[in-house]
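These notes concern the structure reproduced below.
The values are calculated or read from the model by the stated rules, or taken from the named source; none is laboratory data. Just so you know, these numbers come straight off a predicted model, no measurement behind them. Cβ placement follows ideal geometry from the backbone for every residue including glycine, while neighbour counts extend to all protein chains displayed.
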């Protein structure tokens, strides 16, 4: 016998703000909507992010409020009406009410392991006695990088993710793990648990945008960054000075990468092969031709890793990197030639 209260999985598409770039998942029991994505911008948010100790909360709302918010933010809004027995609904509602008590409301957030989507995934799996986990255990031909990149209209975020992601983001993941993304969770419920779905509704859908405009909004920082450095490394008046600046600046970024890798608990930042392109050795690029060759080999190894991981986004940076390397090498050769001529001239003067 069906319970009087309906249970609905609500999926809200990506928004314009960076914290809403991957969408949101909530679950409704009757008119009560429970979501696990509530947080505040307090003084400790930066420290909490670095230490991976961010505290999020479960929040209680209603369907009309969620729908109006999605409309105002111009975000997709869809609902899956789930089939549950009376006992399952009671178990689900009891747990959600317990979690919403003041003493239980807060939980430790993790972008991939404990977010708004994985919390609801785990709750549904518990109610369905592990059926969802069993169906989603097979390997998927996808990973965290493919699911999160590129984030729509997020120029800063796309550049930061591409630079900051370590190898974990490129490892193949199961469907279960990829349900950390709200849209993927919705898709998985529909495909893996069709016997649990009564109906599926897309209430609002955002209008298709101009492809060129969307491409620019999502990648403007990378486009501007490459053009800026390429122009400065091409002009005869600036290329020598900015070749050195290129390596110093990217060496500093590489140093930050290493600090994030070794000194923070974020697994997604570890084993970051981009440190081969943003090499801290860049601080010493003008030391000798041997150092230039070492950095060149480092860039080639980075290129191999990019091809292996299909991480094409940063590939445009190869052009200014090689231009800067060539400029530094020419400068070293020029200095060496001048020194040789100076030595010959000095010997000649002494002989005369």
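Checking residue 229 against (1) under 21 Å from residue 144 (Cβ atoms); (2) over 18 Å from the mean Cα position of the chain (by Cα), which test does it fail?
With respect to (1) under 21 Å from residue 144 (Cβ atoms); (2) over 18 Å from the mean Cα position of the chain (by Cα), residue 229 is out only on (1).
Could you check, for the stretch 76-85, whether at least one of its residues is within 26 Å of residue 273 (Cα to Cα) and surrounded by fewer than 19 Cβ atoms within 10 Å (Cβ to Cβ)?
Initial filter on the stretch 76-85 (within 26 Å of residue 273 (Cα to Cα)): none.
Checked the stretch 76-85: no residue is within 26 Å of residue 273 (Cα to Cα) and surrounded by fewer than 19 Cβ atoms within 10 Å (Cβ to Cβ).
Can you tell me which of 333, 274 is surrounded by 16 or more Cβ atoms within 10 Å (Cβ to Cβ) and assigned to a helix (DSSP H, G or I)? Walk me through it before giving the result.
Details: 333 fails: surrounded by 16 or more Cβ atoms within 10 Å (Cβ to Cβ).
Being surrounded by 16 or more Cβ atoms within 10 Å (Cβ to Cβ) and assigned to a helix (DSSP H, G or I) holds for just one of 333, 274, which is 274.
Those residues that are assigned to a helix (DSSP H, G or I) and surrounded by fewer than 18 Cβ atoms within 10 Å (Cβ to Cβ), I need them from the stretch 168-191; list them, please. Talk me through it step by step, then tell me what you get.
Taking the stretch 168-191 and keeping what is assigned to a helix (DSSP H, G or I), we get 168-170, 175-178, 182-191.
Across the stretch 168-191, the qualifying residues are 187, 190, 191.
Please enumerate the residues belonging to the stretch 119-134 that are in a helix (DSSP H, G or I) and out of contact with any helix residue (DSSP H, G or I) (no Cβ under 8 Å at 6 or more places or on another chain).
First, pick out the residues of the stretch 119-134 that are in a helix (DSSP H, G or I): 119-127, 131-134.
Hits for the stretch 119-134 are 119, 122, 134.
Within the bounds of the stretch 231-238, is there any residue that is in contact (Cβ under 8 Å) with a residue 60 or more places away in the chain and closer than 29 Å to residue 10 by Cα? Reasoning before the result, please.
Going residue by residue through the stretch 231-238, those that are in contact (Cβ under 8 Å) with a residue 60 or more places away in the chain are 233-234.
With the extra rule that they be closer than 29 Å to residue 10 by Cα, the set shrinks to none.
No; the residues of the stretch 231-238 include none that is in contact (Cβ under 8 Å) with a residue 60 or more places away in the chain and closer than 29 Å to residue 10 by Cα.
Could you check the stretch 15-82 for strands (runs of 3 or more DSSP E) lying wholly inside it with 1 or more residues that are within 25 Å of the chain's Cα centre (by Cα), free of Cβ contacts under 8 Å to residues at least 40 places away in the same chain and within 22 Å of residue 205 (Cβ to Cβ)? Show your work before the answer.
Numbers: elements: 24-29, 32-38, 55-62, 77-82.
Correct list: empty, since no element meets the threshold.
Those residues that are surrounded by 19 or more Cβ atoms within 10 Å (Cβ to Cβ) and in a helix (DSSP H, G or I), I need them from the stretch 277-291; list them, please.
As a first pass, look at the stretch 277-291 and keep what is surrounded by 19 or more Cβ atoms within 10 Å (Cβ to Cβ): 277-279, 282, 285.
The answer is 282, and nothing else.
Condition test on residue 216, is it surrounded by fewer than 15 Cβ atoms within 10 Å (Cβ to Cβ), at pLDDT below 95, part of a helix (DSSP H, G or I) and at negative phi? Reasoning before the result, please.
On the way: surrounded by fewer than 15 Cβ atoms within 10 Å (Cβ to Cβ): yes; at pLDDT below 95: yes; part of a helix (DSSP H, G or I): yes; at negative phi: yes.
It is true that residue 216 is surrounded by fewer than 15 Cβ atoms within 10 Å (Cβ to Cβ), at pLDDT below 95, part of a helix (DSSP H, G or I) and at negative phi.
If I ask for residues that are buried (at least 16 other Cβ atoms within 10 Å of the Cβ), out of contact with any helix residue (DSSP H, G or I) (no Cβ under 7 Å at 6 or more places or on another chain) and modelled with pLDDT under 85, which ones from the stretch 1-37 would you list?
Across the stretch 1-37, there are no qualifying residues.
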